[in-house]
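What follows is a single structure, written as structure tokens, with notes after it.
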């Protein structure tokens, strides 16, 4: 089964790693096992919840013509995570939104991400706030939704 999701994930990871506005932010392609104590993260293809179901993306597809072309609609999870180091939830929330703004900026500038026959945008967000043993932590979950032809 052909899907453009792996290509979209790889492109978003590459954009994040090249973005100078994300200096000091840990960039991850899906979940990572690490002992690092980074406070700010951008995780492509994972919601950042180690106790969750680890779902990265969803797709719905259909045939676009009789020659076998396929249209795919996708939703990809991206998590902007900020930990304040203290109990200041507002500071963590502000930082999570700053990280997420970079993703939205790439998609506003280039909805096709430089990929052929594809368009995407941030279609929605979910905000998760918690107080942890490392301080206030905010996970801003982005739903990057789009459509592509395979």
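The values are calculated or read from the model by the stated rules, or taken from the named source; none is laboratory data. Here the structure is a predicted model, which means the values were calculated and not measured. For neighbour counting, all protein chains shown are included, and Cβ atoms are generated from backbone atoms with ideal geometry for every residue, glycine included.
Taking only region 1-21 into account, find how many residues are surrounded by 15 or more Cβ atoms within 10 Å (Cβ to Cβ), assigned to a loop (DSSP other than H, G, I, E, B) and touching a strand residue (DSSP E or B) at 6+ places or on another chain (Cβ under 7 Å). Residues meeting the conditions: 2. Filtering region 22-35 to residues that are on the phi < 0 side of the Ramachandran plot and in contact with a strand residue (DSSP E or B) (Cβ under 7 Å, 6 or more places away or on another chain) leaves 22, 25, 26, 27, 28, 29. Selection of region 110-150 for residues being without any contact (Cβ under 8 Å) to a residue 24 or more places away in the chain, exposed (fewer than 14 other Cβ atoms within 10 Å of the Cβ) and within 30 Å of residue 84 (Cα to Cα) yields 124, 126, 130, 133. Sort out which residues of region 94-109 are under 15 Å from residue 19 (Cβ atoms) and either buried (at least 17 other Cβ atoms within 10 Å of the Cβ) or touching a strand residue (DSSP E or B) at 6+ places or on another chain (Cβ under 9 Å) (or both), and write them in order of number. Scanning region 94-109 gives 98, 99, 100, 101, 102, 103, 104, 106, 107, 108. Determine whether residue 48 is modelled with pLDDT under 85 and either surrounded by 12 or more Cβ atoms within 10 Å (Cβ to Cβ) or farther than 18 Å from residue 147 by Cβ (or both). Yes; evaluated as a whole, the condition is true for this residue. Would you check if residue 72 is more than 21 Å from residue 22 (Cα to Cα) and either at pLDDT 95 or above or in contact with a strand residue (DSSP E or B) (Cβ under 8 Å, 6 or more places away or on another chain) (or both)? Yes, satisfied. Within region 116-138, the set of residues being touching a strand residue (DSSP E or B) at 6+ places or on another chain (Cβ under 9 Å) and over 15 Å from residue 91 (Cβ atoms) comprises 116, 117, 118, 119, 120, 121, 122, 123, 124, 125, 126, 128. In the set (1) within 29 Å of residue 135 (Cα to Cα); (2) surrounded by 11 or more Cβ atoms within 10 Å (Cβ to Cβ); (3) over 16 Å from the mean Cα position of the chain (by Cα), residue 24 fails one condition alone, (2).
Restricting the search to strands (runs of 3 or more DSSP E) fully inside region 38-150 and requiring at least 1 residues that are over 16 Å from residue 27 (Cβ atoms) and under 18 Å from the mean Cα position of the chain (by Cα) gives 57-63, 70-83, 118-132, 135-149.
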